[in-house]
Amino acid sequence: MKKLILSACIISAPLTVMAAGGHGPAGCGLGTKVIFQNADEWHEHVLAATTNASSGNQTFGMTSGTLNCEDANGPLKNGIALFLNRNIEQLAVETATGAGETLSALSELIGINAADDAAFKKALKTNFDQIFASVDTTSGDAFDALVDVMSKDATLAKYLG
């Protein structure tokens with residue numbers, strides 16, 4: 001039993017630190033919201049974090065704003081990761097030109113004001129090679145690069161949370 005608990009601690013420790021985001025040591029997700037609601041012992045936190053990370057429900061909760069992840073900071077709250085995952089190819093095409101319906105939908109999903117929309121599209125077009133570094137770029141890579149591009153632009157950084 002001790003080996004099982006130790007293994008759970010080692011596996012979930014990095015996940016707990018990355019996912020916590022103000023939700024306690026286990027982060028948000030099914031393990032925190034439903035299974036271990038009142039966790040106050042270290043092993044309960046480990047089990048909650050393991051549950052959150054192992055079933056993918058924490059990622060789902062952050063993307064959808066459910067499972068105690070309603071107050072997750074940043075653009076994941078608005079489902080941007082899911083949008084990128086479903087529209088990565090079309091978004092790459094439109095980012096290269098700086099125009100298109102999918103690019104406009106991304107801008108709207110992030111909450112870019114009409115006054116900043118042109119700057120958003122120009123920044124993405126200018127940084128196309130960073131956002132879509134290769135044909136093998138995943139939606140996760142594109143998301144991270146998008147956040148990086150926006151964080152370096154004074155006009156767009158305010159939309160990151």
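The values are calculated or read from the model by the stated rules, or taken from the named source; none is laboratory data. Since the structure is predicted, the reported quantities are computational estimates derived from the model, not experimental observations. No Cβ is skipped: glycine too gets one built from the backbone with ideal geometry, and neighbour counts run over all protein chains shown.
Values computed for the structure shown
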{"read-out": "Meets criteria (assigned to a helix (DSSP H, G or I), in contact with an Asp or Glu (Cβ under 8 Å, 6 or more places away or on another chain) and free of Cβ contacts under 8 Å to residues at least 40 places away in the same chain) for residue 102", "value": "yes"}
{"read-out": "Failed item, numbered, when residue 135 is tested on (1) aliphatic (A, V, I, L, M); (2) surrounded by 12 or more Cβ atoms within 10 Å (Cβ to Cβ); (3) part of a loop (DSSP other than H, G, I, E, B)", "value": "(2)"}
{"read-out": "Which listed residue, of 111, 140, is touching a helix residue (DSSP H, G or I) at 6+ places or on another chain (Cβ under 9 Å), surrounded by fewer than 16 Cβ atoms within 10 Å (Cβ to Cβ) and closer than 15 Å to residue 82 by Cα", "value": "140"}
{"read-out": "Tally, over the stretch 139-161, of residues that are among the hydroxyl-bearing types (Ser, Thr, Tyr), farther than 13 Å from residue 124 by Cβ and at pLDDT below 90", "value": "1"}
{"read-out": "Considering residues of the stretch 78-108 that are among the small types (Gly, Ala, Ser) and farther than 16 Å from residue 141 by Cα only, the residue surrounded by the fewest Cβ atoms within 10 Å (Cβ to Cβ)", "value": "99"}
{"read-out": "Subset of the stretch 104-119 (residues that are of a type in the set (A, V, I, L, M, F, W, C) and over 17 Å from the mean Cα position of the chain (by Cα))", "value": "105, 112, 114, 115, 118, 119"}
